[in-house]
Structure formats: structure tokens, C-alpha cells
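**Student:** Sending over a structure as C-alpha cells; questions will come in a sec.
The values are calculated or read from the model by the stated rules, or taken from the named source; none is laboratory data. Just so it is clear, the model here is predicted, and its values are computed rather than measured. Note: ideal-geometry Cβ built from the backbone for every residue, glycine included; neighbour counts use all protein chains shown. Areas reflect the complete protein model, heavy atoms only, side chains present, ligands, DNA and RNA absent. Shrake-Rupley method; radii C 1.70, N 1.55, O 1.52, S 1.80 Å.
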Amino acid sequence: MEKYIIDRFEGDFAVLEKEDGGTVDVKKELLKNACEGDAVIFENGEYIIDAVETQMRRKNIEEKMRKLFGNA
């Protein structure tokens, strides 16, 4: 099992960031309904969005922004 974060989309490809900081380009069609920032697991030849990890990461980012900019 490999874990990635969707960094960005470029044309027909998604750029996935690996845990070691490297990147991998994957055809966008293999990541249906995916958004930038989503956590993705590659397992058994399939890319799967990890909804729990994605939600935890987004919540963490929101908390950091709230601390940085104050309550808005």
C-alpha cells in the first residue's frame, strides 16, 4: 500500500506527492471525483481516496489557518 496527496492537476494528469516528498504523475481518469489535497491510497492496482485521512488533513489545515489569522 502506497500513500499520496494530490498536489495538483496538470492537463490530463494528477501530480501526487509521495510520503518522501517526491512526486508521481497519474492519469486523472484513475482518480475519479478527486480534488487537490485529497489523500489517496494505491492498493491492488487501484487508486482509492482516503476520505478519513483527507478530512483529518483538512481539519488540521483549517485549525492552523484559524490560529494564524484569528477567528474569522
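**Student:** Please go through segment 36-58 and pick out each residue that is open to solvent by 70 Å² or more (accessible area, probe 1.4 Å) and assigned to a loop (DSSP other than H, G, I, E, B).
**Tutor:** GLU36, ASN44
**Student:** Can you tell me how many residues in segment 14-35 are open to solvent by 60 Å² or more (accessible area, probe 1.4 Å), under 17 Å from GLU2 (Cα atoms) and not in a loop (DSSP other than H, G, I, E, B)?
**Tutor:** Qualifying residue count, segment 14-35: 6.
**Student:** Which members of segment 1-13 meet the condition of being assigned to a loop (DSSP other than H, G, I, E, B) and in contact (Cβ under 8 Å) with a residue 40 or more places away in the chain?
**Tutor:** If the condition is that a residue be assigned to a loop (DSSP other than H, G, I, E, B) and in contact (Cβ under 8 Å) with a residue 40 or more places away in the chain, then MET1 is the only one that fits.
**Student:** Those residues that are within 19 Å of ARG8 (Cβ to Cβ) and within 12 Å of the chain's Cα centre (by Cα), I need them from segment 43-72; list them, please.
**Tutor:** TYR47, ILE49, ASP50, GLU53, THR54, ARG57, ARG58
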